[in-house]
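Working notes for the structure below.
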Amino acid sequence: MNSLAHVVTGTDTDIGKTVFAAALVGALGGHYWKPVQAGLDGDSDAERVAALSGLAPARVLPEAYRLNTPCSPHRAAELDGVTIDPARLTPPALRPLVIEGAGGALVPVRPDLLFADLFARWQLPVVVVARTGLGTINHSLLTIEALRKRGVPITGIAFVGEAVEDSEATIARLGQVRRLGRLPRLDTLDRTTLAAAFAANFDLDDFR
């Protein structure tokens, strides 16, 4: 397992995956790469990570594909008349490196290729980001099972939201994954508050 590079995936969309990725890459002082950005209204995920992590601009790598519609990349590419070439989605050799997927692990990159399939090709350790709200046990265990079925190495699971001890412990126990920590929702979200929250709730050695 290459512990100097991590893939960040989620159990669903809009659960705090980008915020977690920003916290992790900022703490590592690494490089950030989102291979496919689907949806260009407002700030991109890369721009948000740049603002929240404090990384130098050169450490936020350009996306391989920037697609207009905020939907699954396979459909966004079709709407843009673009064919996504998996060869362009090979991770750079820069380290430390945090790669962020789009949506959940089983989101299609192409009609015949899921993000989980890409992760299996890369053989880089994956951090599963999960919310703590209702339904997270099912979503989290399904995500872990799908990754394991493909032989994807899993660093552990990181939660986002208010503490729900039983759900968090149950997922870690049944999924047989390391419980990395929980990032609380922050009333004021900026570079300083995010870095402090990550340092207070995670052990950086778990990612090295």
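The values are calculated or read from the model by the stated rules, or taken from the named source; none is laboratory data. Since the structure is predicted, the reported quantities are computational estimates derived from the model, not experimental observations. Virtual Cβ from ideal backbone geometry, glycine too; neighbours counted across all protein chains shown. Side chains are part of the model used for accessible areas, which takes the heavy atoms of the whole protein and leaves out ligands, DNA and RNA. Shrake-Rupley method; radii C 1.70, N 1.55, O 1.52, S 1.80 Å.
Taking region 117-132 as the range and being open to solvent by 30 Å² or more (accessible area, probe 1.4 Å) and assigned to a loop (DSSP other than H, G, I, E, B) as the test, only Gln123 passes.
Pairing each residue of region 160-174 that is among the hydroxyl-bearing types (Ser, Thr, Tyr) with any residue that is modelled with pLDDT of 95 or more, provided the two are 6+ apart or on different chains, yields C-beta distances under 7 Å for Ser167/Thr132; Ser167/Thr136; Ser167/Ile137; Thr170/Ile137. Only residues that are assigned to a loop (DSSP other than H, G, I, E, B) and open to solvent by 20 Å² or more (accessible area, probe 1.4 Å) were counted in region 65-116, giving 20. Inside region 182-204, can you point out the residues that are assigned to a helix (DSSP H, G or I), of a type in the set (A, V, I, L, M, F, W, C) and within 18 Å of Gly156 (Cβ to Cβ)? Matches in region 182-204: Ala197, Phe198, Ala199, Ala200, Leu204.
Listed by position, the strands (runs of 3 or more DSSP E) contained in region 1-56 that have at least 1 residues being open to solvent by 10 Å² or more (accessible area, probe 1.4 Å) are 31-33, 36-38. Look at region 140-159: where a residue is without any contact (Cβ under 8 Å) to a residue 12 or more places away in the chain and a partner is in a strand (DSSP E or B), sitting 6+ places away or on another chain with Cβ atoms under 9 Å, you get Arg148/Ile154.
If you scan region 4-25, which residues turn out to be closer than 23 Å to Pro92 by Cβ and either out of contact with any strand residue (DSSP E or B) (no Cβ under 9 Å at 6 or more places or on another chain) or not aliphatic (A, V, I, L, M) (or both)? Within region 4-25, His6, Thr9, Gly10, Lys17, Thr18, Phe20 qualify.
Among the residues making up region 138-181, none is open to solvent by 40 Å² or more (accessible area, probe 1.4 Å), touching a helix residue (DSSP H, G or I) at 6+ places or on another chain (Cβ under 6 Å) and closer than 21 Å to Leu52 by Cα.
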